[in-house]
Amino acid sequence: MKKNSHLSPSLPWTTPFIILSILTVHSIKITSAACHVDDEKGLLAFKSGITQDPSGMLSSWKSGTDCCNWAGINCRENNRVTTISLYGQVDKPDSYLTGTISSSLVKVQNLDGIYFVNLRNISGPFPDLLFGLPKLLYVYIENSKLSGTLPVNIGKLKQLGALSLEGNRFTGSIPSSISELTQLTQLVLGKNEFSGHFPAGIKQIRNLSYLNLEQNKLMGTIPDIFKSFTDLRILRLSHNEFSGEIPESILSLAPKLAYLELGHNRLSGQIPSYLGKFKALDTLDLSWNSFTGVVPKTFSNLTKIFNLDLSHNSLNDPFPQMNVKGIESLDLSYNNFHLKEIPKWVTSSPIIYSLKLAKCGIKMNLDTWKPAETYFYDYIDLSENEITGSPVDLLNRTDFLVEFKAAGNKLKFDLAKLRIVKTLKELDISRNLVYGKVPAAITGFNKLNVSYNHLCGQLPKNKFPVSSFVGNDCLCGPPLSPCKL
């Protein structure tokens, strides 16, 4: 389970599982004869709609060759093309396609799966050709530039088992006819610009295991519809404008739900105690809302939780004792907690990589904190507490640290003794008692703030503003005043 937040956002754990099972079946190619002439025509028409293919993704798509052997194409059933699978690689800048989806792709009548994932520059409206593909079951057109509104008759695609349009630029409301897609197990419309209300008709799609509407502009209350779902494992509604309380029917999801993500909304009220019944919960995100009261004692029952984010609410003490064997990421920052120390169940975690306890009322000496594991730490934020001592021993035992924030404490140490790993991109130790010189390794950071400490000496060549260094004893050199000779 280590670092599941680092997984590709476009492919949650259910998606690869289904795709793998689909492609295992579809990978049986019959190459004794050339592919059907209509399939070749449809695929070449799609290629003709692509104006840029810098990585040569479609270079094997050539007229007169067997299209069943083309990259991304799978055939079965009398050499008919059944799936198109084109994946851009996010870590390679030239791995994309620019163009539109040709309507002639409808000629490929035996298509049951279309996977256009991370192609980035595919533009145009919702491809109406999908309505002309009677065997189509799986549509993943993710992380591109499709735009406009969804067709009001999208419900006619009744045979679909999965629909993902995540990461495009669709606008308008989600059509009510979406409720007619009753065979769907996955509905993924996140990271678009949909507006309006949560489509309550989704309750008709009873077989859903994955529902994602995150990062849109949806508003109003979350409807109380969740008793309809008996197999829902992932519910992602974060980064919208939903208001009101968490609906009671979410309790019905307790046996199987693994991901409940409601962060960055306008939800209010108290955190329901029944969330403690979600024994399969891996990730709970309620951050950046307006929740009040205390965190329920029943949270001690969340023994399998790996990722917990309750930050930026108005929650009060006491925080319950958690009975977890290992937490991966924890963020309790900016509530009204007075934890006094880093919780023991955090200290004992062998797999933690992200710890954020900013403004949590921690009063401890960091030299006395001996976590069971430091190797995997990526993110640490202990800002705005009353922590004393030195983080040097802690940070010098990390190898993948990306971000360390501890502004507004009473840390006292020699900055030059800090081992700065290559992965470190952000350091904020402003408003402490740090002394010594600023090391040359800061040049590799994206963000730096060492202001209001007791640092001295000439600054190494850097790209940071004056505000990163002001308020120290005797720092000099750009962007501060020149050093005296």
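Annotations for the structure displayed:
- Within the set Ser430, Ser467, the sole residue that is of a type in the set (Gly, Ala, Ser) and within 27 Å of Lys340 (Cα to Cα) turns out to be Ser430.
- Any chance Ile84 is over 28 Å from Leu237 (Cβ atoms) and over 22 Å from the mean Cα position of the chain (by Cα): yes
- Any hit, the stretch 417-427, residues being of a type in the set (Asp, Glu), farther than 28 Å from Ser300 by Cβ, surrounded by fewer than 18 Cβ atoms within 10 Å (Cβ to Cβ) and at pLDDT below 95: no
- Only residues that are part of a loop (DSSP other than H, G, I, E, B) and open to solvent by 10 Å² or more (accessible area, probe 1.4 Å) were counted in the stretch 439-451, giving 2.
- Answer residue from the stretch 86-107, given it is β-branched (Val, Ile, Thr) and over 24 Å from Leu136 (Cβ atoms) and is surrounded by the most Cβ atoms within 10 Å (Cβ to Cβ) among those: Thr98
- Restricted to strands (runs of 3 or more DSSP E) entirely inside the stretch 60-172, those with at least 2 residues that are touching a Leu at 6+ places or on another chain (Cβ under 8 Å), at pLDDT 95 or above and not β-branched (Val, Ile, Thr) are 80-87, 113-117, 120-124, 138-142, 162-164, 169-172.
- Cβ pairs under 8 Å, 6+ apart, first in the stretch 200-227 and farther than 21 Å from Glu241 by Cα and free of Cβ contacts under 8 Å to residues at least 40 places away in the same chain, second part of a loop (DSSP other than H, G, I, E, B) and polar (S, T, N, Q): Gln204/Thr182; Ile205/Thr182; Arg206/Thr182; Arg206/Thr230; Asn207/Thr182; Asn207/Gln183; Asn207/Thr185; Leu208/Thr185
- Subset of the stretch 371-388 that is farther than 20 Å from Asp309 by Cβ and among the hydroxyl-bearing types (Ser, Thr, Tyr) - its residue that is modelled with the highest pLDDT: Thr388
- As a summary of the residue check, Pro391 satisfies the conditions (1) open to solvent by 60 Å² or more (accessible area, probe 1.4 Å); (2) over 24 Å from Pro465 (Cα atoms); (3) within 30 Å of the chain's Cα centre (by Cα); (4) modelled with pLDDT of 95 or more except for the one numbered (1).
The values are calculated or read from the model by the stated rules, or taken from the named source; none is laboratory data. Computed from a prediction, not measured in an experiment: that's the story for all the values here. Methodologically, a virtual Cβ is constructed for each residue, glycine included, from the backbone with ideal geometry; neighbour enumeration extends over all protein chains shown. Ligands, DNA and RNA are excluded from the accessible area calculation, which covers all protein heavy atoms including side chains. Shrake-Rupley method; radii C 1.70, N 1.55, O 1.52, S 1.80 Å.
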